[in-house]
1. Amide H of D208: which non-local residues (sequence gap of 5 or more, or other chain) have their own amide H closer than 5 Å, using H built in the peptide plane?
2. Show the residues, 5+ positions off or on another chain, whose built amide H is closer than 5 Å to the amide H of H372.
3. At 7 Å along the Cα-to-beta-carbon direction for both R353 and M196, put a label point, then send me their distance in nm to one decimal.
4. How many nm separate the modelled label positions at A124 and E62, each set 7 Å beyond the Cα in the direction of the Cβ?
5. If E81, E151, E200 are ordered by their accessible area, calculated over protein heavy atoms with a 1.4 Å probe, which sequence runs from highest to lowest?
6. With a ≥ b ≥ c taken as the square roots of the eigenvalues of the C-alpha gyration tensor of the range 21-159, please select rounded if a/c is under 1.5 and otherwise prolate if a/b is larger than b/c or oblate if it is not?
7. May I ask you to derive the FRET efficiency for D52 and T206 from their Cβ-Cβ distance with R0 = 56 Å, giving the value to the nearest 0.05?
8. How many angstrom lie between the Cα centre of the range 78-157 and the Cα centre of the range 174-201?
Amino acid sequence: MASGGVVEREQQGVRADLARPAQRALAAGLEATSLLAEAERLRALAVAQLVDFDLIDGHIAEGYATPERHLIHRGNVATKEATRLQRVVTFCAQHTLVADALEAGEITVDHADVLRTACHVVGADAFDNDVLDLLAAADHVELAVFARRVEAWTWRKRPSQTGDEVEATFEQRSLTTQRDVFGGGRGQFQLDAAGMASLELALDTTPDPADSLVPPRTLAQRKADRLVELADFANSDGCSDCDDDRCEGAAVGEPTGARARRGASVDVVIDLPTLFGDDFDLDDHRTGDGVVDWASIRSELSSWGHVPKRVLSQFFCDASYRQLITSGPRVVLDYNVATPDISPALRRAVQRRDRCCQFDGCDRSWDWCDVHHLVPKGRGGPTNEQNLALVCRFHHTLIHQGGWQLTRRPDGRLLTTSP
Ligand SMILES: [Zn+2]
Ligand SMILES: [Zn+2]
């Protein structure tokens, strides 16, 4: 207690000298980073000490079923982290030089985990042969550099996977998505090397022009947009645009036939008030005896769920290919009613005329573009050449959901207006 008080007084003394707030903030930052470094060192030390504890199954003597439970309960460690720490402990028990390096503060737990993965891939004998060099690779470099060095070593030791490993990696492939309440979502995936290479190639895009009207998208944003474009392209069904058995598809650069872009045939289920753009009012959804008919409140993609009205308006904008099912407050009014069609001839005419996205500064070619109604159909905009324009998915989204506008001037040229 007494020595703690001394330290506190000394710190207060130091801080009193740093009268200016900026200097105080700088000092706090320095202290914070040294605390973090100290925390890493303590974690390394703890793992090194757990090695001996683990060898005698100390967790059983302490009354815990597993070493992880011991860490979680006594060390207040999160479950995931306990699993990881215990993996490193087990690894260090078999490779004591790594444990020594942890104890001496030469490497952190993250370094040891990188080594554990490498050892798992190349095998214990090859690992132990080179372990001193691998530990030395951590000297004076960031963790990321160390991980790259170890990865290079791993790759050189085991440039190819065995047939079984390739198969196992392929078996572990997965893709999961979770939707949020507003219809957006997030996802996770895992692919084998071939699948990953194919995906990376497919998601490859060039950067947006630096002089674009809107700020250039990040690489992650461009990849996300590209993924949606690919999904749209995959969802477009057959060559319904031309209904012509002799269709030969498109000549390069010619917007005709099978390559002519149509969007997805996503089924939309929507109630009439939403379709007509009315404000949401529960009274529009009551049965004759005044009870709310919750089942009649619909504005959703059949395969996904509810989506905001503005998102639906973007679908309806180029909806010749999207099936629309309307349902009224009490009864389903209509099945499989397609929205008014943009005829194949009209679509082709617009594609030929515009050639690329008409948003100012964009040059995405016609085959990745939606046909956008400049004046929305819901506000009486006709489906004719004058009221249609090609826009790429990104800019179509900016128009319908980001407040941007595209309008045709009297001279026929298009004007892009920011929100
Ligand atoms: Zn549109
Ligand atoms: Zn565009």
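The values are calculated or read from the model by the stated rules, or taken from the named source; none is laboratory data. Here the structure is a predicted model, which is why all the values come from computation and not from measurement. Every residue, glycine among them, receives a Cβ derived from its backbone with ideal geometry; neighbour counts consider all protein chains shown. Ligands, DNA and RNA are stripped out before the accessible areas are found, and what is left, the full protein with its side chains, is counted by its heavy atoms. Shrake-Rupley method; radii C 1.70, N 1.55, O 1.52, S 1.80 Å.
1. R217
2. So H372 has HN proximity to A389, L390, V391.
3. For R353 paired with M196, the spin-label model returns 4.8 nm.
4. 2.5 nm
5. On the way: E81 45, E151 130, E200 80 Å².
Sorted descending by solvent-accessible area, the residues read E151, E200, E81.
6. Details: a/c = 2.24, a/b = 1.09, b/c = 2.06.
It is oblate, given that a/c is not under 1.5 and a/b is not larger than b/c.
7. Values: r = 56 Å, r/R0 = 1.01.
Here the calculated transfer efficiency is 0.50.
8. Value for the Cα centre distance between the two parts: 30 Å.
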